[in-house]
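Written below as structure tokens is the structure these notes are about.
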């Protein structure tokens with residue numbers, strides 16, 4: 001057995017950790033509402049690239065960690081991450097073959113779905129009020145996705161993650 005598999009897993013988990021750090025890092029109030037969903041985008045990439053290894057359980061665990069780190073209602077983001085990852089894993093072969101602009105639009109729709117699920121769960125549990133500002137991160141993720149995809153694919157090929 002070579003060191004290939006452990007090194008590949010380490011690369012994946014380090015990118016997920018970086019996504020978590022970018023997700024919770026403080027930003028100025030002017031751009032806070034536009035923060036892309038870094039962790040979700042990284043999870044979507046790995047679910048598309050290696051759906052047999054990084055799938056719904058991984059997404060659920062990351063969602064729980066994000067809920068704990070944000071001090072939010074326990075399990076709400078885990079539900080959203082799991083649902084989005086389910087859709088990605090279900091259609092990963094189709095998503096891989098889309099042109100980048102179409103893939104970015106699909107990822108944006110999945111991020112909108114994530115925010116709607118989070119809002120719905122918080123509404124049911126805490127009677128949250130709807131605000132259109134929850135969709136700004138999806139719009140910023142639309143423009144970030146091609147760059148994030150390029151960087152993560154480059155890391156995957158450089159370190160031969162399988």
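None of the figures in this text is laboratory data; all of them are computed from the coordinates on show. In this text, all values refer to a predicted model and were calculated from it rather than measured experimentally. Every residue, glycine as well, gets a Cβ built from its backbone with ideal geometry; the counts of neighbours run over all protein chains shown.
Under the 0.36 nm per residue contour assumption, what length would be gained going from the current alpha-carbon distance of residue 17 and residue 93 to full extension? Before the final figure, lay out each step's value.
On the way: separation 76, 0.36 × 76 = 27.36 nm, distance 2.56 nm.
Full extension of this stretch gives 24.8 nm more.
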### Message
From Cα pairs below 8 angstrom and at least 6 apart in sequence, can you work out the relative contact order of the chain, rounded to a whole percent?
### Response
31 percent
### Message
Could you tell me the relative contact order of the stretch 1-86? Use alpha-carbon pairs under 8 Å, at least six residues apart, and round to a whole percent.
### Response
23 percent
### Message
Tell me the angle of helix 56-70 to the major Cα principal axis of the chain, expressed in degrees between 0 and 90 and rounded to the nearest ten.
### Response
50 degrees
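With a Förster radius of 25 Å, plug the Cβ-Cβ distance of residue 74 and residue 136 into 1/(1 + (r/R0)^6) and report the FRET value to the nearest 0.05. Kindly include the intermediate steps, with their values, before the conclusion.
Values: r = 25 Å, r/R0 = 1.00.
Calculated value: 0.50.
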#### Entry: Inter-site label distance for residue 160 and residue 25 at 7 Å from Cα along Cβ, in nm
3.1 nm
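So what is the orientation-averaged projected area of the stretch 118-162, using the convex hull of its C-alpha atoms, in nm²?
Working: hull surface 19.4 nm².
Mean shadow area of the hull around the Cα atoms is 4.9 nm².
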### Query
Taking 1 over the mean of 1/r across every pair of different Cα atoms in the chain, what Kirkwood radius in Å do you get?
16.1 Å
### Task
Give the angle, between 0 and 90 degrees and rounded to the nearest 10, that separates the Cα long axis of helix 136-158 from the longest principal axis of the Cα atoms of the chain.
10 degrees
### Message
Between residue 150 and residue 113, what is the label-point separation in nm under the 7 Å Cα-to-beta-carbon projection?
### Response
2.7 nm
